[in-house]
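*Asks:* Pasting in a structure now, in C-alpha cells, and then I'll have a few things to ask.
The values are calculated or read from the model by the stated rules, or taken from the named source; none is laboratory data. Just so you know, these numbers come straight off a predicted model, no measurement behind them. Please note: Cβ atoms are built from the backbone with ideal geometry, for glycine as well, and neighbour counts cover all protein chains shown. In case anyone asks, the SASA skips ligands and DNA or RNA and just uses the protein heavy atoms, side chains included. Shrake-Rupley method; radii C 1.70, N 1.55, O 1.52, S 1.80 Å.
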There are 2 protein chains.
Amino acid sequence: MLRTNTCGELNLTHIGNKVTLAGWVQKTRNKGFMIWVDLRDRYGVTQIIFDEERTDKVMLEKAQSLGREFVIQVQGTVIERVSKNPNLSTGDVEILAESFDVLNPSKTPPFTIESETDGGEELRMQYRYLDIRRKPVRENLIFRSKVSLAIRNYLSAHNFIDVETPYLIKSTPEGARDFVVPSRMNAGEFYALPQSPQTFKQLLMVGGMDQYFQIVKCFRDEDLRADRQPEFTQIDCEMTFVEQEDILTRFEGLLKHLLKEIKGVEVFEFPRMTYVEAIQKYGNDKPDIRFGMEFAELNEFAKGKGFPVFDQQELIVGIAVPGAASYTRKQIDKLIDWVKRPQIGANGLIWVKCNEDGSYKSSVDKFYSQEDLTNWAKQTQASAGDLVLIMAGETNKTRGQLSALRMELAEQLGLRDPETFAPLWVVDFPLLEWDKESKRYHAMHHPFTAPKPEQMSLLATDPGAVNANAYDLVLNGNEIGGGSIRIHDAKVQETMFDLLGFTKEEAQAQFGFLMEAFQYGAPPHGGIALGLDRLVSILGGQETIRDFIAFPKNNRGRDLMIDAPASIDSTQLEELNLVLKQKK
Amino acid sequence: MLRTNTCGELNLTHIGNKVTLAGWVQKTRNKGFMIWVDLRDRYGVTQIIFDEERTDKVMLEKAQSLGREFVIQVQGTVIERVSKNPNLSTGDVEILAESFDVLNPSKTPPFTIESETDGGEELRMQYRYLDIRRKPVRENLIFRSKVSLAIRNYLSAHNFIDVETPYLIKSTPEGARDFVVPSRMNAGEFYALPQSPQTFKQLLMVGGMDQYFQIVKCFRDEDLRADRQPEFTQIDCEMTFVEQEDILTRFEGLLKHLLKEIKGVEVFEFPRMTYVEAIQKYGNDKPDIRFGMEFAELNEFAKGKGFPVFDQQELIVGIAVPGAASYTRKQIDKLIDWVKRPQIGANGLIWVKCNEDGSYKSSVDKFYSQEDLTNWAKQTQASAGDLVLIMAGETNKTRGQLSALRMELAEQLGLRDPETFAPLWVVDFPLLEWDKESKRYHAMHHPFTAPKPEQMSLLATDPGAVNANAYDLVLNGNEIGGGSIRIHDAKVQETMFDLLGFTKEEAQAQFGFLMEAFQYGAPPHGGIALGLDRLVSILGGQETIRDFIAFPKNNRGRDLMIDAPASIDSTQLEELNLVLKQKK
C-alpha cells in the first residue's frame, strides 16, 4: 500500500508513530514559514503540517505549490495538535511532514469539493467523479452499500436464495415501454431489457426454488419525470406456499430490521389500511402518516344550506391544519393561489378558522351557521387554533387536489421529519382499473396478480369490482414496494389476459411459456418488489434518489459524464441489420 | 403458510406431531391398500403414507390419481418408519396422511425430474423451470447464492463498497462487440451494454471511493463458443493507493476464504509464475498445476543427431506421462491420431518408453542412443515406467499443441480431480501483443493497463517488450480472474491509445471523459475482475458454467424457454427511428 494508515483513523493513541498517508488536498493554509494541509480520503481528513523549523525548508517551498485536489503521499510523525478540532475524528492530532510526493497534480476543479458546493446539477453530473468526492455524495453511496448488504443478509438468513435472472429477455407490449437490444446473430430480432424479472421469478417458484430474492437492475423507456431513472434497482422477492399474511410479515420484518440496524429506530407493528380507506382518508394510495390532517367528508354537513358552489358538487372534503387559525388573509390567499395553479387545477378553497374562544370564522359565513361550522370542525377533528380547509368537486379529482395540498402544508409546517419513519401496508387493491381512453381494463398491479379467491366468480360478471391480494408497502408518503399473490392456474391466467384485451394469439406469443409452465405443477406463490433507490434515499433522510445513485442519468436519459447515448459505427448498424430512419 | 414444515426437516424428534406439508409428488408406490408418496420441495423429500386401515378409504381412492409433479398439501401425523432410509435426512419418519388437497395437477413432464434425467440439453433448456426442480441444478443454484454472499461479506468486511454502475453506457469499438440499445428519446443514438464496468470503476477511484466491488452482469456480443454466454457475471473490484502485491494478497485472501468456508479446503500460499514461465512450462497462460507433466525443452539434446524431422524445427519439447510406459502400440497410435486432428493440427508425436530396467525404447531408436534418451528422460523428469512424448515445430504452435495433449492425458489419467484445488497467480504479462492481421498492437489485458514503471521508456522504442503489472488468477486450468495496475496519468493514457492505433479524435470521442478525469487528481489504482460463473462452477466441482446459471442461453444466443430474441412491433421500431434492412 502507498499508505500505512487512512486519513480517518489517527488519534492520540498514535502519537509518535511514523506514518505514511495518501489522499487529496482538501485545502491548504499558508503562513509562509508554516503550511497546513487538510488531507482527505474516503475515511476522513487529517491535518498535515509543514514547518521550516521542525522539518525542512526545501520541502516547505515545494509544499507551496500544492493545490486543491492534488493527490499526495506524505511521510511524517503523528503529533498532538495545539488547537484541537473536536468536529473531526482525527482532530486531536496532526502529521508533522518529513517528506512528500505529488502522486498526481490537479487542475482547478469546476466546482468546490465541499459538503455545500457551488456546482449546479448539470455540472456536477458531468464531473460526477468529482461530485463523488464530496462528503454527502460519498456518504450516500456508502450508506447504500450498507443497506444493500443488510438486506441480502437478512433475506439469506431467512432462506431466500439469490438467483440471477437474465437481462436479455423478450419484449412485451404490456406495461411501460421496453428498451430493446437488436440481435446480430438472429437478424431482425430483438431482446428486451427487463422491466422487472416478474415472469422469471414466478418460473423459479414453479421450479421449486421456494424463496427467491435478487437485487437487480430494471429498465423502463418512459418519458422521464423528475426523479425517475431509465434504469433503476429493485429488491425482487418471491415465496412459495404462502398467503398474503406471510409475505406482509416477512417484509415488515425486513423493514423493521433495516430501521433498527441502519437507523437505530424501533418500529412496532405496521398499520394496515385498505386501498379504499387510503383514498378516502388521504386522497391517495401512498399516504404519509407521519402527521394527521385526515380527510373528512362533509357532504352531509355542507350541502342543502344554500351555498350553490357546494350544492352542485359530488364531494365536499376538508382537512384541519394544526395551529393555522392564525394565518393571515395573505397567507390563505397564497394557499388558494397554490391550489389554483394548473398543476393542481382546483377552483378554490373554503376556509374556517377555529378561534381560541370556540367561535368560528369562515369564508362562507354568509351561508353557514356556527353550528354548521362546529360540525365541520368536529368531522375534521379540528381543535381551537386550527384552520379547516375545504375543497369540493368531482370525487377523484378533488381527493387528489386535497392530497396535494395536505402534503404541501405538511412540508410548510415541517411535519415531514425525515428522521421519523411511518411505514404502513395498503392492502386490498382492486384487481383492474378501467381506462377511459382505451376503453378497456388495465391491470392495477400487473397481469399476474390473482383475484381474491372468494371473488373469483365476479370476474365474469363484474370484473371491476374484484379485489386482489395485492399490497403496497408505503413509507413516509412513498410507495417503496408492491406485490401480490400471483395466479398459478393456467385457466385463470388465460381469463386475465382475455379481460386485459389480449387475443388468444397475443397471449400465447408473449406469455405462452408461462401458461405452459402452469400446467406442470405450479405451486401457489406470491411476492413483492421494493425500489432500492427510493428506499435508500428515504432511509438516508433525503427525497431525491439521484443523490443515492453513483452515475445517474439526467431527465433526458443522458449520462452527461460519458456523453451517452451516442451514435454508433455504420458497420455496427450494418451487422445488426438496421438502418436509421431519416430525420424529418 | 400452506405448510407447518418443509419436506426436509422432520425426524424422530417430531414423532406424533400433527404437520402440514406442501410440495411436489416425486413418485408414488401403490400396493392397492396402501400408497406411499415421496413429497419433494427445495429442502428435501418426505415419505407420505396413505393407508386404508389407519386412515380413510375414500382418501386412499383419491390418492390413486396422484401423478408425478402434482402439487399437493397434506395433513398428517409424523410416525416412525418401519424400513428406514439412511440416505434421506427425513428417512427415519413418514407422515400418516389424514387429509390432502391437490393444489395443482401436472401434465406428464417432458423428461424425468430425477438427478439423472433422460432430457436432452435443448429440451431441458426449453423447460428450464422443470430442470431446476432436479436436485443437481437446484443445488448448483443454491451453491451459487451461497458463494455470492460469502464474497460480498468478505469484501465488505475488508472495506470494499458495493457500488452499482450503469448498464446503459456508450459503445466503444475496442475489445469485443457491444450489445447496443437504441434510444427513443435521443433519435439515432444508442446506448451500449457494458462489457465490464472498467471505466466506471476507475472513475470511482478518481472519485475517492478507495475500495469498490460489484457483482455485476456484463455483456459481449460474440460468436458464442461452447460454454460462453452473451451475458455473464463478474466480480468486479478496484482499489486505490495500492501496488500489485496488495491486490494479489487481498484476492488470494478472498479465494482462500471461499475454499475454506465453502469447501472446507485449506490452501496456503498461492504459487506465482511469470507469463513467460507459464508458457514455457505448460504451453499456456492458465496452467493446470494439479498435476506435473511440465514441459522440457529438448533442442540441445535432440538436434544435430541426424534426425531430420527434429533438426529443422524451432522447438522440440516433451513431457513425461506418469506410468504410461506400458501403453500399447495401439494406445500410442490413438494419441498420435488425437494430436493430428485438425483441432490440434500437429504432425505427429515421438515417444520414449522408460522401461522398469532403466533402458529406453523409442520411436526414434534409429537416430538416438540410450544416452540421448537418458538425457530426454532426465529433462522431462521421467521415472521408470513413464512415457515421454515429444512434439516439434514452430515454438508457439507446438507449445499450444503439447498443452492440449497434456490436458487430454491428465483427463484420461484422472489427474484433474474436481475436488482438488490448485490456484496460482500468473504475473508479468506483456502489455501489448502484436496482431499480424491488423498489423498493429492490441492490448493484452485492456487499454487501461499500466506499463511497468521501470519499463516506461521502452514504450517509445520497443513497445512489444514492455511488461505490465498485470496478473491472472488461475484455478485448475481456468483463468478465473484477471487484473492490473491501471494508468492514472492522462499523458500515459494518450500514449497508450496512440500505440493501439487510435487517432487523437477517436480517443477523445470514446474516452475523453476518462482522460479529462485523470487531470483532476487521479490516484494510483488497480483492480481485478473474477468470473463468477466460472468460479462457482469450479468450486462446485463441475466444468460447464451453464449448469450454474438459472436461465442460460444456448450457443446461438437464444433463450429457448421464452423464445427470445423475437421480432418486435413495427410501432416500436418506428418510435426508435429504425428500419429493418431487407434480408438478402
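*Asks:* With the condition kept exactly as written, say whether any residue in segment A:503-510 is in contact (Cβ under 8 Å) with a residue 24 or more places away in the chain, within 12 Å of chain B (Cβ to nearest Cβ) and closer than 30 Å to residue B:70 by Cα. Outline the logic, then answer.
*Replies:* Of segment A:503-510, the ones in contact (Cβ under 8 Å) with a residue 24 or more places away in the chain are A:510.
This time we only want the ones that are within 12 Å of chain B (Cβ to nearest Cβ), so: A:510.
Remaining after also requiring closer than 30 Å to residue B:70 by Cα: A:510.
Checked against the condition, which is being in contact (Cβ under 8 Å) with a residue 24 or more places away in the chain, within 12 Å of chain B (Cβ to nearest Cβ) and closer than 30 Å to residue B:70 by Cα, segment A:503-510 yields at least one hit.
*Asks:* Out of B:535, B:576, I need the residue that is surrounded by 24 or more Cβ atoms within 10 Å (Cβ to Cβ) and within 26 Å of residue B:249 (Cβ to Cβ). Which one?
*Replies:* Just a single option satisfies the conditions, and that option is B:535.
*Asks:* Out of segment B:538-556, which residues are within 7 Å of chain A (Cβ to nearest Cβ) and open to solvent by less than 30 Å² (accessible area, probe 1.4 Å)?
*Replies:* Of everything in segment B:538-556, those that are within 7 Å of chain A (Cβ to nearest Cβ) and open to solvent by less than 30 Å² (accessible area, probe 1.4 Å) turn out to be B:550, B:551.
*Asks:* Run down B:249, B:233 and say which single residue is over 25 Å from residue A:139 (Cβ atoms), assigned to a helix (DSSP H, G or I) and not aromatic (Phe, Trp, Tyr).
*Replies:* On the way: B:233 fails: assigned to a helix (DSSP H, G or I).
Matching residue, one of B:249, B:233: B:249.
*Asks:* Check residue A:278 against each of (1) on the phi < 0 side of the Ramachandran plot; (2) in contact with a Pro (Cβ under 8 Å, 6 or more places away or on another chain); (3) outside any strand (DSSP E or B); (4) open to solvent by 10 Å² or more (accessible area, probe 1.4 Å) and name the one condition it does not meet.
*Replies:* (4)
*Asks:* Moving on. Given the conditions (1) at the interface with chain B (Cβ under 7 Å from one of its Cβ atoms); (2) open to solvent by less than 20 Å² (accessible area, probe 1.4 Å), report the number of the one that residue A:189 does not fulfil.
*Replies:* (2)
*Asks:* Can you work out which of the residues in segment B:143-173 that are without any contact (Cβ under 8 Å) to a residue 40 or more places away in the chain and of a type outside the set (S, T, N, Q) is surrounded by the fewest Cβ atoms within 10 Å (Cβ to Cβ)?
*Replies:* Out of the qualifying residues, it is B:157.
*Asks:* Given B:295, B:251, B:307, which one is touching a strand residue (DSSP E or B) at 6+ places or on another chain (Cβ under 9 Å), among the aromatic types (Phe, Trp, Tyr) and closer than 30 Å to residue B:158 by Cα?
*Replies:* B:251
*Asks:* List, please: which pairs have Cβ atoms under 6 Å, are six or more places apart or on different chains, and start with a residue in segment B:183-209 that is basic (Lys, Arg) and end with one that is in a loop (DSSP other than H, G, I, E, B)?
*Replies:* B:184/A:221; B:184/B:576
*Asks:* Name every residue in segment B:208-228 that is closer than 24 Å to residue A:215 by Cα and either facing chain A (nearest Cβ under 9 Å) or over 15 Å from the mean Cα position of the chain (by Cα) (or both), in order of residue number.
*Replies:* Correct list: B:209, B:210, B:211, B:212, B:213, B:214, B:215, B:216, B:217, B:219, B:220.
*Asks:* Sticking with this structure for a sec: Give me the pairs: first residue in segment A:557-568 and within 7 Å of chain B (Cβ to nearest Cβ), second residue open to solvent by 20 Å² or more (accessible area, probe 1.4 Å) and of a type in the set (Asp, Glu), beta-carbon distance under 7 Å, and six or more apart or on different chains, which are they?
*Replies:* A:565/B:189; A:566/B:189; A:567/B:189
*Asks:* Looking at A:291, A:295, can you tell me which residue is aromatic (Phe, Trp, Tyr), at pLDDT 95 or above, open to solvent by less than 70 Å² (accessible area, probe 1.4 Å) and under 18 Å from residue A:396 (Cα atoms)?
*Replies:* Selected residue: A:295, the only one of A:291, A:295 that is aromatic (Phe, Trp, Tyr), at pLDDT 95 or above, open to solvent by less than 70 Å² (accessible area, probe 1.4 Å) and under 18 Å from residue A:396 (Cα atoms).
*Asks:* Something else now. So which of B:371, B:408, B:356 is touching a residue at least 60 places away in the same chain (Cβ under 8 Å), out of contact with any His (no Cβ under 6 Å at 6 or more places or on another chain) and exposed (fewer than 15 other Cβ atoms within 10 Å of the Cβ)? Walk me through it before giving the result.
*Replies:* Values: B:371 fails: touching a residue at least 60 places away in the same chain (Cβ under 8 Å); B:356 fails: touching a residue at least 60 places away in the same chain (Cβ under 8 Å).
The conditions single out B:408.
*Asks:* Residue by residue through segment B:276-326, note down the ones that are within 24 Å of the chain's Cα centre (by Cα), among the small types (Gly, Ala, Ser) and more than 26 Å from residue B:465 (Cβ to Cβ).
*Replies:* Passing the criteria: only B:292.
*Asks:* In segment B:1-37, which residues are under 35 Å from the mean Cα position of the chain (by Cα) and open to solvent by less than 30 Å² (accessible area, probe 1.4 Å)?
*Replies:* Quick first cut of segment B:1-37, residues under 35 Å from the mean Cα position of the chain (by Cα) only: B:6-9, B:23-27.
Result: B:6, B:7, B:8, B:23, B:24, B:25, B:26.
*Asks:* Output the residues belonging to segment A:35-48 that are out of contact with any Lys or Arg (no Cβ under 9 Å at 6 or more places or on another chain) and more than 14 Å from chain B (Cβ to nearest Cβ).
*Replies:* Result: A:48, single match.
*Asks:* All but one of (1) small (Gly, Ala, Ser); (2) out of contact with any Leu (no Cβ under 7 Å at 6 or more places or on another chain); (3) open to solvent by less than 10 Å² (accessible area, probe 1.4 Å) hold for residue A:570; which doesn't?
*Replies:* (3)
*Asks:* Which count do you get for residues in segment A:425-442 that are closer than 10 Å to residue A:273 by Cα and open to solvent by 10 Å² or more (accessible area, probe 1.4 Å)?
*Replies:* Matching residues across segment A:425-442 total 2.
*Asks:* Determine if segment A:397-411 includes at least one residue that is at positive phi and under 22 Å from the mean Cα position of the chain (by Cα). Quick ask: steps written out before the conclusion?
*Replies:* As a first pass, look at segment A:397-411 and keep what is at positive phi: none.
No, there is no match, as no residue in segment A:397-411 is at positive phi and under 22 Å from the mean Cα position of the chain (by Cα).
*Asks:* Suppose we filter segment B:194-205 for residues that are at the interface with another protein chain (Cβ under 7 Å from one of its Cβ atoms) and part of a loop (DSSP other than H, G, I, E, B); how many remain?
*Replies:* Selection size over segment B:194-205: 0.
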